[in-house]
Structures are given as C-alpha cells and as structure tokens.
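Just so it is clear, none of the values below were taken in a lab; they were calculated from the coordinates. Fair warning: this is a prediction, and the values are worked out from it, not measured in the lab. All Cβ positions, glycine included, derive from the backbone under ideal geometry; neighbour counts span all protein chains shown.
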Amino acid sequence: MPLTFDDLLQRARALPRGGRRAILGIAGSPGAGKSTLAEHLVRELNGTGAPWVAHLPMDGFHLADAELERLGLRDRKGAPETFDAAGYAALLTRLREEAGDDVVYAPGFERGLEQPIAGAIPVLPTARLVVTEGNYLLLGTGSWSRVRPLVDEVWFCELPERVRVRRLVARHERFGKTHEEAEAWVSRSDERNAELVASTRGRADLVVPESAMPRVRA
C-alpha cells in the first residue's frame, strides 16, 4: 500500500522508547517540503495536549552574512560550507545526552532577514521527540558526518524535480527576489546544492514521496 501521512505519524510517534528522547531527521533538496512536513508532524503529534514534540530546523546554523563575506562565501550561501555543522552536531549531542530540567535554546532563522537568530527556539525538558530538518543531515563529509549517528531515523523528502524547482522559485519571490533573480539564484546555487543532497538519498531510512506529504505552499 502507498505510504500515507498517517503512516508517518505512527512511525514518528513510536520513536521515543524507554523514556529516552528521540531525534527524527527530515532531509531533502531545497524546496522539497522538509519544513512543511516537519511542521505538520509536530502540530499533529502535539495535538491539544502538553507539547512533547519540538521542531528544530537546521537553518539556524547558517553563518551570518558578515562571516560569509569574510570567508568569501556570500555567493555560496546555502552550501554545506556556509553552515556551522559542528555547532549543529554539538546541539544534537546535547539534546540526546541531557535529560535534566533545563530548557535547551537553539538558533532560528529569520527568512525575511535571511539571517540566523540566536536563542530563538526553546526545546523544553518535556520534549520526548525532536524533529530536525535540513538539506545536509545525510552528508558524510566534514563535520556533517557527525550528524547521522545522532539521529534515530532520517526521512528523505522527494518531489518531482519540476514541482520542487517551481516551489523553490516561488519561495524566493515571496521573500523579496524578482522572478528573474529567483530563477538565477536557483540555477546558480540551489540546484548545485540539490545535486549534492540527492546523492545522499540512499542513506535515508525512509523516502517520503509527494503523495504522503501534506500540501506544500506553491
């Protein structure tokens, strides 16, 4: 039978075992619907009761534009080397190992500013499942190689290429680029990153097809 969103909910719900906090990763190329899937999972799993699932996007570990300028990487923003991968792995380690009463604060990412925001996401002690999502969770090079062993399962979102690219261009337009600028950025930067992400698909525990995903804003 085809995989459904309800199947994903059941699989995610079963990840925490024995009182231990679990981490679910959602990977995929830019524009594949990772954030939308994560948001829907977290909302449905938390329901109307006390929240026990937290959402932790990888995007908060973008390097700030000033640092990208210093490194000469401003035009590569979004590539693996433009993130603090070691910092991301360190936070996942902390979330796995700490079972105390402290809130763990994670950085967020402000799309309107295109900048990371420190301390924007609280992960409460009551969180038994953390859903983290981003492009490079399955990448096996550099500090990114530390991420996969820290995550209980990684799911890979897969959309038809024409759908993914169309939605990616539309997203850039929503955040201020003209249509021409959006298409140029996707062609020059996002698609290079997408090819790298696609090469990691085989390391995923589950491939999530378009039919199992909630509706993605176009």
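Worth pointing out:
- Region 171-184 - phi-based ³J(HN,Hα) in whole Hz, Karplus 6.51/-1.76/1.60, Gly and Pro as x: 5, 4, 5, 4, 9, x, 7, 6, 4, 5, 5, 5, 5, 5
- Once Rg and the Kirkwood radius are both taken over the C-alpha atoms of region 1-73, their ratio Rg/Rh works out to 1.09.
- Among the GluC sites (Glu not before Pro) in region 73-164, those located in a DSSP loop and surrounded by at most 16 other Cβ atoms within 10 Å of their own Cβ are GLU98, GLU114.
- Among GLY28, GLY47, GLY18, residue whose mean-square fluctuation peaks in a GNM of the chain (springs only between Cα atoms under 10 Å): GLY18
- Max mean-square fluctuation residue, GNM over the chain, Cα-Cα springs under 10 Å, options THR36, THR141, THR132: THR141
- Those chymotrypsin sites (Phe, Trp or Tyr not before Pro) in region 111-218 that DSSP places in a loop and that have at most 15 other beta carbons within 10 Å: PHE175
- For the chain, modelled as a GNM whose springs connect Cα atoms under 10 angstrom apart, the maximal fluctuation among LEU71, LEU129, LEU45 occurs at LEU71.
- Averaging Cα coordinates gives a centre for region 120-182 and one for region 28-68; these two points are 8 Å apart.
- P(r) of region 5-210 over all Cα-Cα pairs, binned every 10 Å from zero, in whole percent: 8, 35, 38, 16, 2, 0
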